[in-house]
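Data block below; observations after.
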Amino acid sequence: MLKKLLSKPKSKKKKEAASSALPTLDRLHETLEMLEKKECFLQKKAAAEVERAKDYTKAKNKSAAIQCLKKKKLYETQIEQLANFQLRVHDQIIMLESAKATIDTVDALRSGSSAVKAIHQSVSIDDIENAIEEANEHTENMRQIQEALATPIGASADFDEDELEAELEDLEEEELDNELPEPPQRTSMEPSARATTSQPANDLAELTKLQAEMAL
C-alpha cells in the first residue's frame, strides 16, 4: 500500500484532482458560511413570529396568532434543513482536508525518498573509504611535521639531558638548604661553672693562710 502511495502518479488526471483540492475547500467554506448566515436569519424570523403571536394573543386575535405559529414552524423546518446541509458540507470539508493531508504527506515522502536516492548515487562506499584514507594520511603527515619541528637542532642538539637533570637537582638542593633556618647557637656554661666551683676553694685557702699567720 505504501509503495503504491509513494509511486509516481500514472495519469495527469490525478495531478489535476490534487491541485483542485484547495479551490474546492475554499468553495465549501464559502457555502458553509452562507448556510450559517441564512440559518441565523431564519432564526430571527422565527423569533419575530413568536413575538407577533404573543401580541395577537393579547389582542384576542386567535386566528392571526395561529398563522404566526404556522410561519414559525415553516422557518424551523427550513432551519433544520439548513442544519443538515451544514452537516453534509462539514463532512465534505473534513474528507477533503484529510485527503489533502494524505497527498501532501505522500509528496513529502516521495521528495525525501528522491533526495536520499540522489545522495546515495552521488556518494559511494569507495568515495567514503578514499576520504577516510586521505584524512588519515594528512593526519600522519602533520604528526611527522610536528615531530620534526620539535627535534632540537644546532647547539641545543649537543646538550646532555642527564647532565642537565643532575645540575637541576643540585640547584634544587641548594635552594632547599638556603630556605632552612640556621640552628640556634648554644651558650657555654662551663667557664661560669668553673668560676663558681673555684670561688669557695680560694676562700678556704685564704682562711687557712690567715689562721697560720695568727698562730705565729
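The values are calculated or read from the model by the stated rules, or taken from the named source; none is laboratory data. Just so you know, these numbers come straight off a predicted model, no measurement behind them. We place every Cβ from the backbone using ideal geometry, glycine too, and count neighbours over all the protein chains shown.
Got at least one residue in segment 45-58 being assigned to a helix (DSSP H, G or I), within 48 Å of the chain's Cα centre (by Cα) and surrounded by 12 or more Cβ atoms within 10 Å (Cβ to Cβ)?
Our first condition is that a residue be assigned to a helix (DSSP H, G or I); within segment 45-58, this holds for 45-58.
From what's left, within 48 Å of the chain's Cα centre (by Cα): none.
No, segment 45-58 contains no residue that is assigned to a helix (DSSP H, G or I), within 48 Å of the chain's Cα centre (by Cα) and surrounded by 12 or more Cβ atoms within 10 Å (Cβ to Cβ).
Just to check your reading of the model, which residue among Gln81, Gln92, Gln86 is touching a Leu at 6+ places or on another chain (Cβ under 6 Å) and more than 22 Å from Asp104 (Cβ to Cβ)?
Step by step, each of Gln81, Gln92, Gln86 is checked, and only Gln86 is touching a Leu at 6+ places or on another chain (Cβ under 6 Å) and more than 22 Å from Asp104 (Cβ to Cβ).
Identify all residues within segment 102-149 that are under 25 Å from Leu22 (Cα atoms) and either of a type in the set (Lys, Arg) or touching a Phe, Trp or Tyr at 6+ places or on another chain (Cβ under 8 Å) (or both); write none if there are none. Walk me through it before giving the result.
Of the residues in segment 102-149, the ones under 25 Å from Leu22 (Cα atoms) are 102-112.
Across segment 102-149, the qualifying residue is only Arg110.
Every residue in segment 11-43 that is at pLDDT below 80 and touching a Leu at 6+ places or on another chain (Cβ under 7 Å), please.
Within segment 11-43, Ala21 is the sole residue that qualifies.
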